[in-house]
């Protein structure tokens with residue numbers, strides 16, 4: 001597709017008076033060949049080759065975007081058009097109106113090939129509820145689903161205030177209003193001298209009615225917000241009506257169960273009020289678009305610790321399998337659109353005292369075990385701290401000859417290695433092998449790699465940005481794993497094949513480990529572990545064969561087995577099983593369950 005800067009002002013007039021057509025579009029008037037434009041634009045062909053009164057006229061009035069219509073006329077006369085993100089949505093609307101399918105396809109291909117979050121400031125003003133390429137509902141859904149990731153990028157820090165305000169007012173899929181407050185504070189801090197004046201304007205984007213103590217207890221710790229005079233008077237109390245709090249956007253994360261009926265059909269349930277609420281049966285539709293920016297009625301559900309995925313159309317009751325393997329896979333797209341622009345330096349925690357060093361998301365160093373012959377200096381660690389930091393409890397006990405293991409709790413402080421790309425920083429002397437067993441997990445908008453070496457030592461790298469980390473070929477198949485894991489906040493929870501439970505806080509660099517299921521008949525391959533963002537912040541362990549649930553309460557550090565159970569699969573049909581159960585942010589207004597359960601409470 002060629003590009004040209006020519007404008008429609010250079011279109012020659014046609015000498016034959018009977019062949020002239022006058023087109024009035026907004027403030028512009030065009031005189032073109034009637035015969036030529038009918039042969040080039042189907043809309044005009046259908047108009048002038050009919051029995052309609054307009055067919056006898058030589059003047060047409062339109063109400064189309066002027067710049068986009070200029071592009072169309074330039075395209076039909078020169079076979080060249082310049083497609084830009086600043087106008088691609090309106091250009092496709094005009095092309096669609098004029099029935100120009102080829103140009104519409106060019107616009108569609110261009111948008112999905114080049115769109116990133118950097119373009120939100122120019123795309124947001126173009127979209128409407130009915131725009132064809134992407135409507136406001138679909139764009140808002142994309143922003144809401146990925147807000148936490150977007151807010152951690154350098155691009156977010158450079159958005160104009162109008163874009164930031166637009167984003168922060170949406171039904172963002174967050175677990176706390178404090179996350180919005182942090183994003184606003186980071187944006188202000190980036191250019192504090194110029195942006196302090198916007199503080200009150202942006203604070204009105206927070207839904208204070210649903211913030212509770214989560215914000216009020218922390219707000220004075222947020223530097224550029226705490227300095228506002230009389231900040232307490234700005235916060236709206238639960239009973240206040242000063243600010244319009246349309247809905248509680250922190251309540252959009254639910255636990256779902258996906259049951260595989262057969263290769264063509266899934267049965268989906270949502271956990272609500274201690275019951276599995278049936279959503280319905282969903283049929284396979286391979287014609288569903290796999291574009292990363294999708295419709296507002298769509299959800300992408302990743303399961304089996306992120307190694308598999310399914311796209312669900314809640315309104316159409318259909319699904320298709322996500323592409324996680326190719327160069328244009330789900331993870332590669334999310335990296336290109338968002339994650340590659342995140343700014344936080346990477347950190348790696350090793351469980352081997354030979355591993356120290358620095359690099360910025362070090363792809364080569366971390367995928368290939370090597371020794372650095374040119375390493376300059378290593379962190380000084382006393383022998384006493386060595387014995388405390390690197391201990392056997394992180395081993396998976398696989399080398400121990402015992403058949404049973406005592407329940408125990410261990411708490412250790414681990415070494416921290418910050419990674420950046422400075423030439424003056426250290427280079428790791430040894431690093432995890434490319435054959436290590438690894439998981440790619442997501443928490444609070446960041447992707448984290450949790451790995452296990454061949455000698456059964458765990459390590460974690462956070463956050464990761466390099467596209468190589470988002471290739472599924474670097475991760476072991478789920479059914480071949482010796483451990484599964486999930487993340488909640490700064491805590492990584494690992495369940496090993498021997499049912500050892502490890503809780504690791506990578507911010508405080510401490511961990512605990514227990515054997516809570518000693519004597520239980522649980523089978524490792526029958527278990528799913530996930531996190532649930534609700535008032536209590538829980539870890540959920542689900543039995544695939546029965547649907548039963550164990551909850552781990554982080555505050556009380558206790559496990560509870562519930563009476564909740566899903567329908568047992570048909571034991572004679574190997575394909576009838578609970579394929580996945582995971583915590584997902586859902587478009588609650590799009591889901592149509594078989595029935596609704598409503599509390600009799602007057603609240």
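The values are calculated or read from the model by the stated rules, or taken from the named source; none is laboratory data. If you're wondering where the values come from, they're calculated on a predicted model, not measured in any experiment. Every residue, glycine among them, receives a Cβ derived from its backbone with ideal geometry; neighbour counts consider all protein chains shown.
A single member of 333, 259 is in a helix (DSSP H, G or I), out of contact with any helix residue (DSSP H, G or I) (no Cβ under 8 Å at 6 or more places or on another chain), surrounded by 14 or more Cβ atoms within 10 Å (Cβ to Cβ) and not assigned by TED's automatic domain parsing to the domain that holds residue 109, and it is 333.
Considering the conditions (1) within 20 Å of the chain's Cα centre (by Cα); (2) in the same structural domain as residue 41 (by TED's automatic domain parsing), residue 156 is excluded by exactly one of them, (2). Looking only at region 472-492, decide whether some residue is within 25 Å of the chain's Cα centre (by Cα), surrounded by fewer than 22 Cβ atoms within 10 Å (Cβ to Cβ) and more than 28 Å from residue 323 (Cα to Cα). Yes, that holds for at least one residue. The criterion of being assigned to a loop (DSSP other than H, G, I, E, B) and modelled with pLDDT of 85 or more holds for residue 517. When region 466-495 is filtered for residues that are touching a strand residue (DSSP E or B) at 6+ places or on another chain (Cβ under 8 Å), over 19 Å from residue 555 (Cβ atoms), at pLDDT below 90 and assigned to a loop (DSSP other than H, G, I, E, B), the ones remaining, listed by number, are 475, 476, 481. Pairs are defined by a Cβ separation below 8 Å, a sequence spacing of at least 6 or placement on different chains, a first member in region 539-552 that is at positive phi and touching a residue at least 60 places away in the same chain (Cβ under 8 Å), and a second member that is surrounded by 20 or more Cβ atoms within 10 Å (Cβ to Cβ) and not in a strand (DSSP E or B); the pairs so defined are 547/566.
Looking only at region 280-313, which residues are in contact (Cβ under 8 Å) with a residue 40 or more places away in the chain and over 23 Å from the mean Cα position of the chain (by Cα)? Selection gives 280 alone. All told, residue 116 meets the bar of being in contact with a helix residue (DSSP H, G or I) (Cβ under 8 Å, 6 or more places away or on another chain) and over 28 Å from residue 247 (Cα atoms).
Every condition in (1) over 23 Å from residue 255 (Cα atoms); (2) touching a strand residue (DSSP E or B) at 6+ places or on another chain (Cβ under 9 Å); (3) part of a loop (DSSP other than H, G, I, E, B) is met by residue 498 except one, and the failing one is (2).
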